[in-house]
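Just so it is clear, none of the values below were taken in a lab; they were calculated from the coordinates. Predicted model, so just to flag it, every value in this text is computed and none were measured. Ideal geometry is used to build each Cβ from the backbone, glycine not excepted, and the neighbour counts take in all protein chains shown.
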Amino acid sequence: MAVLAEDVNLAGYTTLRLGGPARRFIEATTEADVVAAVRKADDGGEPILVLGGGSNLVVSDDGFPGTVVHVGTRGTERVAVEGDRVLVRVQAGEDWDAFAARCVTDGLAGVECLSGIPGRVGATPIQNVGAYGQDVSETIVEVRAYDRRARACVTLDRDACRFTYRHSVFKGSDRYVVLDVTYALHEAEESQPVAYAELARKLGVQPGDRVTLKEARDAVLELRRGKGMVLDASDPDTRSAGSFFTNPILDPGMLSELERRVADRLGLDAAFPRYPETGDRVKTSAAWLIDRAGFAKGHALGPARISTKHTLALTNPGGAGTADLLALAREVRDGVRDAFGVELVNEPVLVGVTL
Ligand code: EPU
């Protein structure tokens, strides 16, 4: 049964602990509840906010003037086994890290490097969640969603999801409400080849080597904890939405402009992080740009603060409002633009506010 409440404070449902009241709040624990709640709101012309774990959301201090549908559907099932390939369908409301942990214990490889990420399963296709050399576009085979335009449940295969770096057909659009996600995992004792240099160093192996699933998970959890990226009520650095900005992807023109600015500002020998992307494009590091633009770890503006462990996480260590966090985000974005000519783009979804 969906439970309806009024004037629920959203701060209690976001990892940033920010956000004002929702006019209506529905706790939906079955797929039928989710669909019915969305249909009803659509029929009444009422705005909808679909809420999962609240770990990638920045909600206005004024709250949300519509219906929040909190997706709490549960269930994980093996839907097919093809050789060592196991298809697992997971309901949107399942906790992501509980699923990632279970895969490791059950000997299923494919998401072990995505350990320790807060939030729920339904959010993972939306921004193509990724970390430490894996992203979910490598394992997702299909997503079932409620299509608000067609007013029907639909299935999108991997191509239809149009996954790119931290993006998909689901991001920046209100059209689909994710209902469940099917992942193709491999029965294996060992992890996928370690693809992230920092993770390989932590494990004491070469990139491309394999380790046990548990070793991969434990090393990722340790790295993430060191960066304040694992939720921990006793660590104010974890009151964040993870990375606040995406890593900029530069075309050759933008890249040579950045090279020029870095040389001007930091000297001719200065090098910045470069990761090859498709075509002739290059991804650089937002954290590096923020640091070098003069915003150190722990930099504060009013009550909002850059994490003391990673410059890419903006935090509410306690006492900040959404307006304070956004003021800090604008200061950082503008500072990086002035220093390096690169426009940082927010990664979390902004609700009722703009940057
Ligand atoms: N760096 C700094 N200062 C810092 C931290 C990092 O200069 O305080 C520089 C270093 O040069 C470092 C580089 O930034 O080598 C990259 O840092 P890191 O490996 O921590 O990765 P990231 O690019 O900052 C991305 C994801 C994270 C993910 C990690 C690990 C994005 C926007 N963020 O962060 O995802 O956990 O890689 O794979 O792509 C998230 O999306 O919320 C998230 C936490």
Exercise. Sticking with the crude label model, points 7 Å out along Cα→Cβ, report the distance from LYS283 to LEU350 in nm, one decimal please.
Key: 2.3 nm
Quiz item: Treating the beta-carbon of each Lys and Arg as +1 and of each Asp and Glu as -1, no other charges, what is the dipole magnitude of segment 248-307 about its Cα centre, to the nearest 20 debye?
Solution: 300 debye
Quiz item: For LYS214 and VAL81, what is the calculated FRET efficiency with R₀ set at 22 Å and r taken between the beta-carbons, to the nearest 0.05?
Solution: 0.50
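Can you tell me the dipole magnitude for segment 47-205 around its Cα centre, using point charges on the Cβ only (Lys, Arg +1; Asp, Glu -1), in Debye to the nearest 20?
On the way: 17 positive and 22 negative charges, 109 e Å.
Dipole size: approximately 520 debye.
Packing-wise, with mean Cβ within 10 Å as the measure, how do 96-102, 266-272 rank, highest first? List each step's numbers first, then the result.
Working: 96-102: 19.3, 266-272: 10.4.
Going from most to least packed, we get 96-102, 266-272.
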Quiz prompt | Electrostatic dipole magnitude of segment 188-273 [Cβ: Lys, Arg +1; Asp, Glu -1; Cα centre; debye, to 20] | solution = 160 debye
Quiz prompt | Fraction of antiparallel bridges per DSSP, segment 3-71 only, in percent to nearest 5 | solution = 40 percent
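With both partners inside the chain, how many of the DSSP beta bridges are antiparallel, as a percent to the nearest 5?
80 percent
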Quiz item: How big is the gap, in Å, between the Cα center of segment 132-158 and the Cα center of segment 334-355?
Solution: 27 Å
Quiz item: Between ALA296 and HIS167, what length in nm is gained on full extension when 0.36 nm per residue of separation is reduced by their alpha carbon distance?
Solution: 43.6 nm
Exercise. Positive end of the charge dipole of segment 3-71 (Lys, Arg +1 and Asp, Glu -1 on Cβ, about the Cα centre): tell me which of THR67, ALA22, GLY12 has its Cα farthest that way.
Key: GLY12
Practice problem: Report the full-extension gain for the segment ALA233 to ALA188: residue separation times 0.36 nm, less the Cα-Cα distance, to one decimal in nm. | Solution: 12.8 nm
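Counting other Cβ atoms within 10 Å, which GluC sites (Glu not before Pro) in segment 50-157 have at most 15 and lie in a DSSP loop?
On the way: sites: GLU77, GLU82, GLU94, GLU112, GLU138, GLU142; in loops: GLU94.
The qualifying sites: there are none.
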